[in-house]
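Working notes, beginning with the structure itself.
The values are calculated or read from the model by the stated rules, or taken from the named source; none is laboratory data. In this text, all values refer to a predicted model and were calculated from it rather than measured experimentally. Cβ coordinates were reconstructed from backbone atoms using ideal geometry, including for glycine residues, and neighbour counts include every protein chain displayed. Side chains included, ligands, DNA and RNA excluded: accessible areas come from the protein's heavy atoms. Shrake-Rupley method; radii C 1.70, N 1.55, O 1.52, S 1.80 Å.
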Amino acid sequence: MAFCAVERMQIKNAVEMVLHVTGNYQGGILEMAAVFDCNLSGDCVRRVGKDTAELLKSHSGIFRNVRLNTICWKGDGNLEKEVSSIPLLQMGRCFDGYRRRKENKRLELLAGELKKFYARSKLIFLFTDGNCHVGDEGIFNENMHPFLHRKLIVVRLESDGQDTDEGQITVHMGLEKEWMGTV
């Protein structure tokens, strides 16, 4: 599942919006995080990681030297974290031990982990199939503020119903109610 020209432009615009939030990025080495939902297949994750790395490197010189935190979101409270780099993401080496796990996950728990451990990241990507929900709205809102709602770019990869990775890609800023369910 590769990005088309419109999706590339949407991601570039979203990155610009995040980096130009007042007080977010003032130069120097950029720290960012990329969260990959383990509901996605390994091939899809590798292709999306490669395309994202190429897109970011072509977008701006600040992405040449980045501290990248790759996170595999396996389940509620189950995150596999690794410090990496854009070239390793581009080559797919970050996903050598990747295993697909189909689960419906709670977004407020992920937001809590991101708020607690990745507050220094100036840009956070979440690549997901959208099979997640908000269980507790209060905790979710508390975890998203004061900064996460401005730094998070959600890339939803919707399959065509088959067990393939072909389908539609949607880019969102923050976690919006239109594409996620509530319990």
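Consider Val15 against the criteria (1) open to solvent by 10 Å² or more (accessible area, probe 1.4 Å); (2) out of contact with any helix residue (DSSP H, G or I) (no Cβ under 6 Å at 6 or more places or on another chain); (3) farther than 24 Å from Lys105 by Cβ: it satisfies all of them except one. Which criterion is unmet?
(1)
Return the pairs, sorted by first residue and then second, in which the second residue is open to solvent by less than 40 Å² (accessible area, probe 1.4 Å) and of a type in the set (Ser, Thr, Tyr), the first residue lies in segment 48-63 and is assigned to a helix (DSSP H, G or I), the beta carbons are less than 9 Å apart, and the residues are 6+ apart or on different chains.
The qualifying pairs are Gly49/Thr70.
State yes or no: is Val83 within 26 Å of Ala5 (Cα to Cα) and not in a helix (DSSP H, G or I)?
No; evaluated as a whole, the condition is false for this residue.
For segment 56-81, which positions are over 17 Å from Lys115 (Cα atoms) and either touching a helix residue (DSSP H, G or I) at 6+ places or on another chain (Cβ under 6 Å) or β-branched (Val, Ile, Thr) (or both)?
Leu56, Lys57, His59, Ile62, Phe63, Val66
Against the conditions (1) of a type outside the set (Phe, Trp, Tyr); (2) loosely packed, with under 15 Cβ neighbours inside 10 Å; (3) modelled with pLDDT of 90 or more; (4) closer than 19 Å to Leu152 by Cβ, where does Asn78 fall short? Just the number, please.
Answer for Asn78: the failing condition is (4).
Just to check your reading of the model, which residue among Glu31, Glu113 is modelled with pLDDT of 90 or more, among the charged types (D, E, K, R), in a strand (DSSP E or B) and buried (at least 16 other Cβ atoms within 10 Å of the Cβ)?
After applying the criteria, what remains is Glu31.
Would it be correct to say that Ala5 is open to solvent by less than 10 Å² (accessible area, probe 1.4 Å) and of a type in the set (Gly, Ala, Ser)?
no
Just wondering, is there one or more residues in segment 147-158 that are open to solvent by 70 Å² or more (accessible area, probe 1.4 Å), within 15 Å of the chain's Cα centre (by Cα) and at pLDDT below 90?
Checking segment 147-158: at least one residue is open to solvent by 70 Å² or more (accessible area, probe 1.4 Å), within 15 Å of the chain's Cα centre (by Cα) and at pLDDT below 90.
Report, by residue number, each residue of segment 13-28 that is closer than 21 Å to Arg120 by Cα and either in a helix (DSSP H, G or I) or within 15 Å of the chain's Cα centre (by Cα) (or both).
Passing the criteria: Ala14, Val15, Glu16, Met17, Val18, Leu19.
Are there any pairs, at least 6 apart or on different chains, whose C-beta atoms fall under 7 Å, with the first in segment 126-143 and closer than 23 Å to Leu157 by Cβ and the second of a type in the set (Phe, Trp, Tyr) and modelled with pLDDT of 90 or more, and if so, which?
Partner pairs satisfying both residue conditions: Phe127/Phe36; Val134/Phe140.
Six or more apart or on different chains, Cβ under 7 Å: which pairs go from a residue in segment 23-44 that's in contact (Cβ under 8 Å) with a residue 40 or more places away in the chain and of a type in the set (Asp, Glu) to one that's surrounded by fewer than 20 Cβ atoms within 10 Å (Cβ to Cβ) and part of a strand (DSSP E or B)? Could you list them?
Every condition considered, the pairs that remain are Glu31/Arg67.
Please enumerate the residues belonging to segment 116-139 that are among the small types (Gly, Ala, Ser) and buried (at least 19 other Cβ atoms within 10 Å of the Cβ).
Across segment 116-139, the qualifying residue is only Ser121.
For segment 47-75, what are the residues that are within 18 Å of Asn131 (Cβ to Cβ) and either β-branched (Val, Ile, Thr) or open to solvent by 30 Å² or more (accessible area, probe 1.4 Å) (or both)?
Val48, Ile71, Lys74
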